[in-house]
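See below for the structure under consideration.
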Amino acid sequence: MAINGKVALVTGAAQGIGRGIALRLAREGADLVLVDLDLAKLQAVADEVWEMGRRATHVVADVGDREQVFAAVAHAEAELGGLDIMVNNAGIAQVKPLAEVTAEEVERIYRVNVQGTLWGIQAAAASFKARGRKGKIINASSIAGHEGYALLGVYSSTKFAVRALTQAAAKELAADGITVNAYCPGVVGTDMWVEIDKRMAEVTGAAIGETYAKFVGGIALGRAETPDDVAAFVAFLAGPDSDYMTGQAPLIDGGLVFR
């Protein structure tokens, strides 16, 4: 197990990709701090981690609130003895023409997707430096962080911003032995994509499921992505085989966007 005995904190861990990442890191030997807004779902994931023979604790927190993110890291230190891996996975989507986006909507999505990532970087880096540890910070970007999509324009801009934060943090923290990378999923069969498909249907008049099927039809490997596909790559970023990699945001999308 590549990260046996390490402590990993995963935001947005109650479901979807975050849950998949948490369970994969547990299989790789890590103890988990699970962060999300849904207490019942967090407890269920924590129970799954304990059943694997790893320790788990959970924190209900809003990643858009800097103090709550720092408190979650402090919880990791108090309950599990430290922090080695920070996965800033939490995020929300928005489907809307740019001409119709409101100031309140922009503030909300940037607060979660961009500020939430920044606070996670800050809190993890402070913890690593205080303990003299070479830590790993892993951020959630997207194929929409490499290419802007119609009706997903503001969401795309937040994921471009995550790539920028990843690159800047990698340069600033390298001297401390801290690596910072991102992962860029494509069309993952989660509740987020169910909601995206529904909203696309409302805006474009397409049938429910049509937008999802259209995107999946463009994937070279011929199927939709699963949380486990994403989690496998995050496990690589969390482990020692990626020690010489920093500031990168690779696509893990089955062959949908090519760069």
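Here the peptides 93-106, 141-154 are ranked by packing, the mean other Cβ count within 10 Å, and the order with the highest first is 141-154, 93-106.
For the range 226-259, applying the loop criterion from DSSP together with a ceiling of 11 other beta carbons within 10 Å to the chymotrypsin sites (Phe, Trp or Tyr not before Pro) yields Tyr244, Phe258. Taking 20 °C and 1.002 mPa s as conditions, the range 173-259 diffuses translationally at an estimated 146 µm²/s according to Stokes-Einstein applied to its Kirkwood radius (Cα pairs). Restricting attention to the chain, the count of lysine pairs at 8 or more positions apart or across chains with alpha carbons under 18 Å apart stands at 9.
Between Rg and the Kirkwood Rh of the range 1-90, both from Cα atoms, what is the Rg to Rh ratio?
0.92
Per-residue 3J(HN,Hα) values for the range 170-179, derived from phi via the Karplus relation 6.51 cos²θ - 1.76 cosθ + 1.60 with θ = phi - 60°, read 4, 5, 6, 9, 4, 5, 8, x, 9, 9 Hz in sequence order (x marks Gly and Pro). Out of every Cα-Cα pair that the chain contains, those further apart than 31 angstrom amount to 20 percent. The range 59-137 and the range 183-208 have their alpha-carbon centroids 24 Å apart.
Bear in mind that the values in this text are calculations on the coordinates, not laboratory data. Predicted model, so just to flag it, every value in this text is computed and none were measured. Note that each Cβ is placed from the backbone with ideal geometry, even for glycine, and that neighbours are counted across all protein chains shown.
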